[in-house]
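The values are calculated or read from the model by the stated rules, or taken from the named source; none is laboratory data. All figures in this text were calculated on a predicted structure; none of them were measured in a lab. Cβ sites come from the backbone with ideal geometry, for glycine too, and all protein chains shown count toward neighbours. Heavy atoms of the whole protein, side chains included, go into the accessibility calculation; ligands, DNA and RNA do not. Shrake-Rupley method; radii C 1.70, N 1.55, O 1.52, S 1.80 Å.
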Amino acid sequence: MRPVPAPPIPRIAEKLGLKSTRYLPPFGGREERWVNRQRDLFRRYNPVYACDNPRKMTGYNTRVQFNQRNMTAFGGLFLPLLFAERLGLREPLRRALNHEGLVYGTDDLLLSSVASILAGAPRLYDINVIRRDKGLAAALGLEQLPEEGNLRKKLACASAEELEAMEQVNATLFEKTNRTEDATTVGIDLDLTTVTVYGKQEGSEVGYNPKKPGRRCYQIAVCFLANNGDALTAELRPGNTVASTDFERFWQKILSKLPSNYKVAVVRMDKGYFGDRIFRVLEASPDIFYISGAPARNVLVAWARENLRFKPVSRSAESEEEQNGVRYFVAEGMYAFQTWEAPRRFVVVKKLTPNPDYDPDRVMVDIFGEPLVPPFLEEYTFYVTNFSPEQLDAEGVWHFYNERGTVENRVKESRLGFALDKLPSHNFFGNAIYVQLVFFAYNLLNAFKRFLLPLEYQRKNIRWLRMHLLRLPALVTRKKLQWVVKFPIWILDRRLVERPLRLLAEGKPYYVV
């Protein structure tokens, strides 16, 4: 192996007069003797037998050919795409954007983007890498997927009317996959996630950005059903907005998207939604209960210490926290800030963690007799709710709110698994449409798991599904008027493919000669 160029230090190499150099070959010593031994075998024996190692591929006994036209790296991805067509979503997608293409319709552009999102492409331009994949093209009835520039141009000139049409497509998907026999009560989980941008995209502003303070960003307000994890609505906002910004309109938008047989029973929110204005909007509906996190402000901590009587919370003796000496206490009381018209019920959880700096053999006290180094470190967590103590006790409020942690996982999956934070356009409405497209893919896969997969696989995340179903290699051929997809024999469970395909084929036409 020859030496290869070593890149200089970026930006400053030329200014500092640094010379370029090369990397020496990494092969040497014992590896070099092995190479010489291999060459000797080639001289003494037939090269075919000299490289005969049936168990392992090496650089000497392996040949590469590029001659397979019908291979696909996404053998199982055609199943959720067929599910979308079976739901009748092509027609709503066709009307979502103002597009008149000679080869590709609007539904082709959008479903190709959904396919790339489900395939794990982190950015929009990665469609170009997979656009010639035989399996994806056959699933959409195309010769090949459209170039990413086709959709990017549409997003660059998108309008508010097109955004509304895309939101209606998501509403149609939600309605079709959330029908119930009887009226049902649902829970709503609200959250706000920040998306950092690295340019000057329209609508991005400097605002609350916990990971990269001072950077321009967007805020995305999301609403999930606590029952099944479906995303009810998602709204792209400028970066300088907060959760309380225009909350009344956002709440009415949520209610308008619910099916007629759904009734909201409870709303769970993190401490970003803590505020009198938001609480008054929810309290206007007497049948809706809410639990919101509250920031641990000094005034609240002082009030809790002086006025509340904490009761110990029994934890499992097998828990890791219990074994490490961590203890929990819970209390409740009525409290009102100066700007509030009336007090509200607060539930306070106190966590005591053993202080690693505390030495029981050397206890130092102040003039009041209090130890300078306390044996335990205190941590307070506050929740505000309109549940009465008879309806849900203090410990029940705490545990029920903690179950809201699932919404954090859903937001995390939408970012890491569906590339929600990779907004592709400089146009605000184009980015808003892309957010709707991401949650379309999220809800489509969520419903696909719920209705078509075996029960034991319905709670698997997108990473697991890509590994065991969506990104399986396969051979796609056409034989006797049918498509034949040949999967590897080492597939985890054949029911992952057979059961969805059987259910999608229900109601197929029968021909009588």
Expected 222 nm ellipticity per residue - DSSP helices of 4 or more, -39500 (n - 2.57), all of the chain, to 500: -10000 deg cm²/dmol
Using a 1.4 angstrom probe with every protein chain in place, what is the largest-first accessible-area order of 237, 216, 502, 63? 63, 502, 216, 237
The distance between the Cα centres of segment 187-249 and segment 368-437, in whole Å, is 13 Å
Quick one: if the Förster radius is 56 Å, what FRET efficiency do residue 62 and residue 91 give, using the C-beta to C-beta distance and rounding to 0.05? 0.70
Can you figure out the FRET efficiency of residue 493 with residue 23, using R₀ = 60 Å and their beta-carbon distance, to the nearest 0.05? 0.85
Using θ = phi - 60° and the Karplus relation 6.51 cos²θ - 1.76 cosθ + 1.60, list the HN-Hα couplings for segment 223-236 in order, rounded to whole Hz, with x at every Gly or Pro. 9, 10, 6, 5, 5, 10, x, 5, 7, 7, 7, 9, 9, 7
Summing +1 for each Lys or Arg and -1 for each Asp or Glu, what net charge is found among the other residues whose Cβ lies under 15 Å from the Cβ of residue 506? +2
Given H placed 1.01 Å from N in the peptide plane, which residues other than close sequence neighbours of residue 313 have an amide H under 5 Å from its amide H? 328, 329, 330
Leaving ligands, DNA and RNA out of it, work out the accessible area of residue 257 with a 1.4 Å probe and give it in Å² to the nearest 10. 40 Å²
Would you kindly calculate the translational diffusion coefficient of segment 129-265, applying Stokes-Einstein with the Kirkwood radius from alpha carbon pairs, for 37 °C and a viscosity of 0.692 mPa s, and quote it in µm² s⁻¹ without decimals? 185 µm²/s
Any idea of the accessible area per residue across segment 171-269, 1.4 Å probe, to the nearest Å²? 44 Å²
Accessible area expressed per residue, segment 372-415, with surrounding protein chains retained (probe 1.4 Å, Å²): 51 Å²
Considering only DSSP states other than H, G, I, E and B, which GluC sites (Glu not before Pro) in segment 131-162 qualify as loop sites with at most 13 other Cβ atoms within 10 Å? 143
Can you classify segment 64-214 as rounded, prolate or oblate using the Cα gyration tensor, where a ≥ b ≥ c are the square roots of its eigenvalues, rounded means a/c under 1.5, and otherwise it's prolate if a/b beats b/c and oblate if not? oblate
Residue 290 long-range amide H proximity, modeled H, under 5 Å: 267, 386, 387
Starting from the amide H of residue 232, placed 1.01 Å from N in the peptide plane, find each other amide H under 5 Å away whose residue is 5 or more places distant or on another chain. 223, 224, 225
Cα-based Rg and Dmax for the chain, in Å, come out at 29.6, 102
According to the square roots a ≥ b ≥ c of the eigenvalues of the Cα gyration tensor, what is the shape class of segment 194-343, taking rounded for a/c under 1.5, prolate for a/b larger than b/c otherwise, and oblate for the remainder? prolate
Looks like segment 87-164, by Cα gyration tensor root eigenvalues a ≥ b ≥ c and the a/c under 1.5 rounded cutoff (else prolate when a/b is bigger than b/c, oblate otherwise), is prolate
In whole Hz and in residue order, list the ³J(HN,Hα) couplings for segment 491-508 that follow from phi through the Karplus curve 6.51 cos²θ - 1.76 cosθ + 1.60, θ = phi - 60°; x for Gly and Pro. 4, 4, 8, 5, 5, 4, 9, 5, 5, x, 5, 5, 5, 5, 8, 4, x, 5
Heavy-atom accessible area of residue 462 with all protein chains present, probe 1.4 Å, nearest 10 Å²? 10 Å²
Take residue 198 and residue 244, extend 7 Å from each Cα along the Cα→Cβ direction, and tell me the distance between the two endpoints in nm. 3.5 nm
Treating the angle as unsigned and between 0 and 90°, give the value, to the nearest 10°, between the Cα long axis of helix 298-307 and the longest Cα principal axis of the chain. 50 degrees
Potential lengthening between residue 102 and residue 388 on full extension [0.36 nm per residue; Cα-Cα distance subtracted]: 96.8 nm
Keeping all protein chains in the complex and leaving out DNA, RNA and ligands, what accessible area do you get for residue 392 with a 1.4 Å probe, in Å² to the nearest 10? 40 Å²
Share, in percent, of DSSP beta bridges within the chain that are antiparallel, nearest 5: 85 percent
Would you kindly state how much longer the chain becomes between residue 143 and residue 303 on full extension, computed as 0.36 nm times their sequence separation minus their alpha carbon distance, in nm to one decimal? 50.8 nm
For 95, 327, 179, the accessible-area ranking with a 1.4 Å probe, largest leading, is 179, 95, 327
Show 468, 399 ordered by accessible area, largest first, where the area counts protein heavy atoms only and the probe is 1.4 Å. 399, 468
Rounded to the nearest percent, how much of the accessible area of the chain (1.4 Å probe, protein heavy atoms only) is carbon and sulfur? 51 percent
For segment 254-271, Karplus-derived ³J(HN,Hα) couplings (6.51, -1.76, 1.60; θ = phi - 60°; whole Hz; x for glycine and proline) come out as 4, 5, 5, 8, 6, x, 5, 8, 9, 10, 6, 9, 8, 10, 10, 9, 7, 5
